[in-house]
Amino acid sequence: MQAPDEINLYIREKGYFYLNEGELDTHLFHEGTFYKSHEFLGAHPLQRFHIDAVRFVVWAPHAKAIHLIGDFNHWNEFNLPMQRIGKSGLWQICVPNVQLFDAYKYKIEGQHGDVLYKADPYAFHAEERPKTASKYYDINGYHWHDDLWAAAKGANDLYRNPLSIYEVNLLSWRKKADGAQYSYHDLAEALIPYVKHLGYTHIELMPIMEHPFDGSWGYQATGYFAPTSRFGTPKDFMYFIDQCHQAGIGVILDWVPGHYCKDEHGLYYFDGSPTFESDDYELAHNDQWGTANFDYGKPEVISFLISNALYWHDYYHIDGMRVDAVAYMLYLNFGGKLLKNKYGGIEHLEAIAFIKKLNQVIFEHYPNTLMIAEESTSWPMVTKPVNDGGLGFNYKWNMGWMNDILEYMTLDPVYRKGFHKALTFSITYAFSENFILPLSHDEVVHGKRSLLSKMPGTYDEKFANLRLLYAYMFAHPGKKLVFMGGEFGQFIEWNEWQALDWHLLDYPAHRAMHEYVQTLNQLYQNETCLYELDVDHKGYEWVEVDNANESIISFERIDKSGERMVLIFNFTPVLRENYPVGVTIPGTYDVILNTQSHVFTGNPKDHYPTHYRSKKELMHHRFHALRITLPAFGGLYLKYKEG
C-alpha cells in the first residue's frame, strides 16, 4: 500500500519514523517470558511505506531522552530522537539508508542529567577493540551445511556416548609468523583438523561474546549477542562452527550469565541508573572480580539472558553451553558478603528460579544440547531435571575430583601414601551427578603452573606422571576436558598474550605426549566400557582400593552388555613384578594401553608383556587373578580376550 504523502514528506524531512507495533512483544519482554527478544530489540531491517529501513529498539526504563547516533547520521547527537513505546521502558526509532556494518551507539540522558554513550546490548556485531561502538548487521542468510551432523546428534544418547572436550582460547591457541591473530576462517583451516586428528569429540571455546579486554578471556562481556570481532564477522563465526560440524566436532560455548564488566559503553548503569543490575548496591556489585551482577528479579533481565542462550543455539547451531560461575549465582554469600534471602537463608532464590527456567526453556527447544554447570559446591541435584527438584543441567564439572587429583599428583611420591583418599574418594559421589572431569585453563595460569610442570620428579618422570594422570582420568567415570597445550606437555603456564609453545613438538618427549593423547582419545572412543555407564554405578567396580602403602589402585569399568575392562595404576617410581590383580572372568587379557610403553617413553628398554593369562587364585574377592608387571609411574588398561 502506498504511503500517504504526508508520511513520505515527514520521512524525507526528518530522516526517521516510528512504528506503533510490537505491543505483545513489549508485554512479554516486561513479563520476563519473551525468549526471542533478540528478534525485537536491537537493530532489525524492515520495509514500510515502500522504504527500506532499520528499526532500533532499546531497553532504558529510567532514561529521560535517547538519541541514536552513528555513521548513518555522521554521529549527529540530536537529529535522531528515539521515542518511548507507550508507557514501557523500551525506546524505538526507524531509520532509512542504514548500511551493513554502520557503527552506532545510543546517546542516553539519565534521570540526573548525566549523558552516556552506550553500545547496543542486543547488537549482533561490534567494532574491534579498542573501538566500542555496535555495528548494524543482518544476522540472517547464512547457508548451513551441517544437516548430517544435526541428524546424528539427534539420534545420540548424550550419556552413553564418549565426550572428550578440547578447551580453547582462540586468541592464544596459535598466532601467525608475524604475531597476527588468526581469523575465524584461519581457525577453521588450522584448529579443526588438529582437533580431529587428536580424536576429541568437541571444542569448548572460552567466551567469544564481545569483550573489551583480552586479559578477561571473554568472561567480562559487553556484547552478549555479538561474537567478538577480533576474528571476523558473525557469519565468519557461523562458518567456523559449520566446518566443525562437517568434520564431526561439536562446539560448546562458555557463557557468563552471572556478571558483566563495568566499562562505560557496556551494560553497567545502562541508562544512568541500575538497569541490568540490582538497585541494592551489595547485590549489584561483584567486588571480587570488579564487575556487576545481573538482577534475576527483573523480568526484563530474564528475557535478555534466556533469549541470549537460545540465540546462540538458533543462529549459530552450537551444541551446548558451559555456564560459568554457577556457585556465585546460587549463593548470596559466595563472594564473602553477608547477605540473606527473605527467609534468612543464603540461597539466591531469584537466581535459582532463573537457572531452572533457563534449563527448562533450552531443553524444550533443544533437547539434545549440553547445559554444563561450573559448580564447585555440594549443591544437590545440579544435573537432575527441574520437575524432579533439580537445577536442570545435564552435566556438571567435577571440581572435587579435579582438586583432589591435582593435589595428589603434585606430591612427591614418597608422601602419596598418606593422601590415598584423594584417589578413591571421588568414586563415593561419582554417580550422584552427571560429571565432566575438567583439567581446565584455571588450573594452568596465575602461578599454578602447567600440568607438566606440576608433576614431580626428573624430566622423564614428569612426563610419566602426566601420562599416568591422563590414563587415570580417561578410566575414571565422567566425560573428559583438557585445556589446550596439555596435549603436548606445555611446560610454562598459559599466557593469554602469546601463542602456545608449538616448537616443543620438535622435542621427542613432547611429540610422544602428543601421540599419547591421540591414542588415549581413540581408545576412549573405541572402548564402550570407558563411557557407556559413566552415569551409572553399575559401570564401576573396585578391584583394589586400599593399597595406600604402595599407592596402587585398580578397578573394572563395565559396559551395558556386561563386558569388563581392568585398569591398574601405580603412583610410585617402583616397578612391581608379578603383581596380583583379581579378575571376574578367567582367561587371557590383552594390554591395550601401557602408559610406560616404549612407544611413549622413547626408551627401547621399556618392553613389557602385551597379554596375561589368569590363574585360579582367590584375590581381591575374585576367584581368578592375573600376575602382571606393573611399571613405575605406570597405568595399564587390560581387556578380556575371548577364546
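The values are calculated or read from the model by the stated rules, or taken from the named source; none is laboratory data. A quick note: this is a predicted structure, and the numbers were derived from the prediction, not measured. Neighbour counts run over all protein chains shown; Cβ positions are idealised from the backbone, glycine included.
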Residues of region 272-294 classified as under 20 Å from E31 (Cα atoms) and touching a residue at least 24 places away in the same chain (Cβ under 8 Å), total: 3
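Are there any strands (runs of 3 or more DSSP E) wholly within region 103-197 with 2 or more residues that are surrounded by fewer than 20 Cβ atoms within 10 Å (Cβ to Cβ), in contact with a helix residue (DSSP H, G or I) (Cβ under 7 Å, 6 or more places away or on another chain) and of a type outside the set (V, I, T), and if so which?
Once the strands (runs of 3 or more DSSP E) in region 103-197 are filtered for at least 2 residues that are surrounded by fewer than 20 Cβ atoms within 10 Å (Cβ to Cβ), in contact with a helix residue (DSSP H, G or I) (Cβ under 7 Å, 6 or more places away or on another chain) and of a type outside the set (V, I, T), nothing remains.
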All positions within region 596-619 that are touching a residue at least 60 places away in the same chain (Cβ under 8 Å) and crowded, with 16+ Cβ neighbours inside 10 Å: Q596, F600, T601
Considering residues of region 410-447 that are surrounded by fewer than 21 Cβ atoms within 10 Å (Cβ to Cβ) and β-branched (V, I, T) only, the residue farthest from V574 (Cα to Cα): V445
Residues of region 26-64 that turn out to be surrounded by fewer than 16 Cβ atoms within 10 Å (Cβ to Cβ) and assigned to a strand (DSSP E or B), as a count: 4
Residue under evaluation E77, criteria (1) surrounded by fewer than 16 Cβ atoms within 10 Å (Cβ to Cβ); (2) assigned to a helix (DSSP H, G or I); (3) of a type in the set (D, E, K, R), criterion not met: (2)
Residue identified as outside the structural domain of G89 (by TED's automatic domain parsing), surrounded by 21 or more Cβ atoms within 10 Å (Cβ to Cβ), touching a residue at least 40 places away in the same chain (Cβ under 8 Å) and touching an Asp or Glu at 6+ places or on another chain (Cβ under 6 Å) among G297, G250, G258: G250
Subset of region 87-101 (residues that are touching a residue at least 40 places away in the same chain (Cβ under 8 Å) and either surrounded by 21 or more Cβ atoms within 10 Å (Cβ to Cβ) or within 35 Å of the chain's Cα centre (by Cα) (or both)): G89, L90, Q92, I93, C94, V95, V98
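Scan region 284-328 for residues that are among the small types (G, A, S) and farther than 12 Å from W255 by Cβ and jot them down.
A284, G290, A292, G297, S303, S307, A327
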Residue match in region 498-518 (condition: among the acidic types (D, E), assigned to a loop (DSSP other than H, G, I, E, B), at pLDDT below 95 and farther than 19 Å from L469 by Cα): no
Some residue of region 477-488 being part of a helix (DSSP H, G or I) and over 20 Å from the mean Cα position of the chain (by Cα): no
